[in-house]
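The values are calculated or read from the model by the stated rules, or taken from the named source; none is laboratory data. None of these values were measured; they are calculated from a predicted model. Cβ sites come from the backbone with ideal geometry, for glycine too, and all protein chains shown count toward neighbours. SASA here: full protein model, heavy atoms, side chains in, ligands and nucleic acids out. Shrake-Rupley method; radii C 1.70, N 1.55, O 1.52, S 1.80 Å.
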Amino acid sequence: MLSNQAWIALSLFILAYGVIVSEKIHRTKIALIGAICILLFRVMPQEEAIRLIDFNTIGLLIGMMIIVAITSKTGLFQYMAVKAAKAVGGEPVKILVVFFWLTALCSALLDNVTTVLLFTSVTFAISDILQLNPIPFLVAEIIASNIGGTATLIGDPPNIMIGSATGLGFNDFIINLSIPILTITIATNLILYWLYRKDLKIAAEQRQRVMTLDESSFLIDLPLMKKCIAILCLTILGFMLHQFLHLDSATVAMSGAALLLLIGKLEPEEVFKEIEWNTIFFFIGLFVLVGGLEVTGIIHMVAQWAMDVTHGNVIMMHFLILWLSAIGSAFVDNIPFVATMIPLIKSMGEIGKMDVTSLWWTLSLGACLGGNGTLIGASANVVVSSLAAAHGRPISFMGYMKIAFPLMILSIIISNIYIYFAYLL
């Protein structure tokens, strides 16, 4: 039987979840209100709630947002995009392929929300010059950002949360996820090329417009750009070595951010305005909401149910988590979904007295790739669709889903095959 406090925690979580999915009220407001209600209804004391906030995840996000915010002021990302477009002769379908790979790569090294923010503005500029519908480019960039972000610790918020909760490092993610992600990236890119090859054709004079762009004109602060590149490289190196240096990933990210703030000679207020504080406070509220389920024993009960359903069968357990995560994350933002799954998998490991390391890779693949399924599946999707609507080119929910959902299913099938042969044979 559930206690009164458990019923309160569960009710608040379901209510908050439902409102977040409906998008009637901003998700950050709901997460914070839900967290405050957890305290007001005495589900747990304030000290316990603060302890359950994962400040390693918060610090990593803020640190990377600061580094990217400063770097974006130099025009480096825009320069790279225009240079890439000119390198393929202004051919739209080739531009789509290049932007797809650039988005995937940048999402792996930075984070997918920041990456799509940068590439979306360049996409609109180039599509205006070519007089083309920007939606095929935007759809490809959404999908690429979620695929590329799956490959590393810092690429996608769910991975940041998994890494922070388990102690798995930057190298662990690359070693375990690079093979399936590279395979999925190639397969998805080929399919998108085939789907859009006839829609992205233009006259020779339109292609010439791209070739006349001066990419160097986008570089507005060369001295700062050199500093940003140096700090970004050092930070990425720090992520690769943080396990050997016995430093948390948040410490590495915040060190890079603090150093760049110092040598970049920018006012902190100017930089802090660029940080996605909505995302940060959404995480904080979410950690407290999920913590309510944890401290009242609900997560342990769900874990026991999962063990009973799979009868402790390790193969069934992996497949259940993979497909549950993928389908769930397609229709509900993958951040709250993963926040719920992390303590659940830990409980499954404790109940079954088993090593659950491979389940973390299963959760990562399911949640991150599942986010591609619909426009509300991941934060990057919501950001791009909002920007597209603001530019008068809204992306249809069903139009996007018709392209992205089958591709998501394909990516999960590839992941399923990889998980079986890599961990279960």
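Region 112-187 and region 275-354 have their alpha-carbon centroids 23 Å apart. Dipole of the chain computed with +1 at Lys/Arg Cβ and -1 at Asp/Glu Cβ about the Cα centre; of 381, 210, 304, farthest Cα towards the positive end is 210.
What you get for region 143-232, charging only the Cβ of Lys and Arg (+1) and of Asp and Glu (-1), is a dipole of about 260 debye around the Cα centre. Give the calculated FRET efficiency between residue 50 and residue 133 to the nearest 0.05, with a Förster radius of 35 Å applied to their Cβ-Cβ distance. Calculated transfer efficiency: 0.15.
When only Cα pairs below 8 angstrom with a gap of at least 6 residues are kept, the chain shows a relative contact order of 24 percent. When all alpha-carbon pairs of region 1-159 are counted, what percent fall beyond 25 Å? Value for region 1-159: 48 percent of Cα pairs lie more than 25 Å apart. For residue 274 and residue 311, the FRET efficiency from 1/(1 + (r/R0)^6), where r spans their Cβ atoms and R0 equals 56 Å, is about 0.65. Ordering 313, 326, 4 by Cα displacement along the dipole of the chain toward the positive end leaves 326 in first place; charges were set at the Cβ atoms of Lys, Arg (+1) and Asp, Glu (-1). Accessible-area rank, largest first, for 305, 101, 361: 305, 101, 361, with all protein chains present and a 1.4 angstrom probe.
Could you quote the convex hull projected area for the chain, Cα atoms only and averaged over all directions, in nm²? List each step's numbers first, then the result.
Working: hull surface 82.6 nm².
Reported value for the Cα convex hull: 20.7 nm².
For region 197-353, the spread of Cα coordinates along the three principal axes comes to 63, 50, 31 Å, biggest extent given first.
Protein heavy-atom surface of region 116-242, 1.4 angstrom probe: 65% of the accessible area is carbon and sulfur, with nucleic acids and ligands not counted. Please give the helix 27-40 orientation as an angle from the longest Cα principal axis of the chain, in degrees from 0 to 90, rounded to the nearest 10. For helix 27-40, the angle is close to 20 degrees. Largest accessible area first, the residues 401, 44, 80 order themselves as 80, 401, 44 under a 1.4 Å probe with ligands, DNA and RNA left out. When you restrict to C-alpha pairs under 8 Å that are six or more residues apart and normalise by the size of region 287-425, the relative contact order lands at 27 percent. Please give the Cα centre distance for region 367-397 versus region 62-100, rounded to the nearest Å. Value for the Cα centre distance between the two parts: 19 Å. Just so you know, the averaged projected area of the alpha carbon convex hull for region 300-402 sits at 6.6 nm².
Using only the Cα atoms of region 217-283, what semi-axes does the equivalent ellipsoid have when each is the square root of 5 times a gyration tensor eigenvalue? Give whole Å, largest first.
Numbers: eigenvalues 101, 69, 21 Å².
One finds semi-axes of 22, 19, 10 Å for region 217-283.
Checking every one of the trypsin sites (Lys or Arg not before Pro) in region 345-425 against DSSP loop status and a limit of 15 other Cβ atoms within 10 Å picks out 353. With a 1.4 Å probe rolled over the protein heavy atoms of all chains, the accessible area of 51, 393, 27 falls in the order 51, 393, 27, largest first.
How large is the charge dipole for region 199-299, taken about the Cα centre, if only the Cβ atoms of Lys, Arg (+1) and Asp, Glu (-1) carry charge, to the nearest 20 debye? It would help to have the intermediate numbers written out before the result.
Details: 7 positive and 12 negative charges, 57 e Å.
That gives region 199-299 a dipole magnitude of about 280 debye.
For the chain, modelled as a GNM whose springs connect Cα atoms under 10 angstrom apart, the maximal fluctuation among 143, 36, 62 occurs at 36. Listed by chain and number, the lysines placed with their C-alpha closer than 30 angstrom to that of residue 24 are 273, 402; residues fewer than eight positions away on the same chain are left out. Using the Cβ-Cβ distance between residue 40 and residue 397 with R0 = 41 Å, the FRET efficiency computed as 1/(1 + (r/R0)^6) comes to roughly 0.70.
Give, rounded to the nearest 20 debye, the magnitude of the charge dipole that the chain has about its Cα centre when Lys and Arg contribute +1 at Cβ and Asp and Glu contribute -1 at Cβ. Numbers along the way, then the final one.
Values: 22 positive and 26 negative charges, 165 e Å.
Dipole size: approximately 800 debye.
Across all directions, the average flat footprint of the convex hull enclosing the Cα atoms of region 286-350 is 4.1 nm². Were the residues from residue 262 through residue 246 laid out at 0.36 nm apart, the gain over their Cα-Cα distance would be 3.3 nm.
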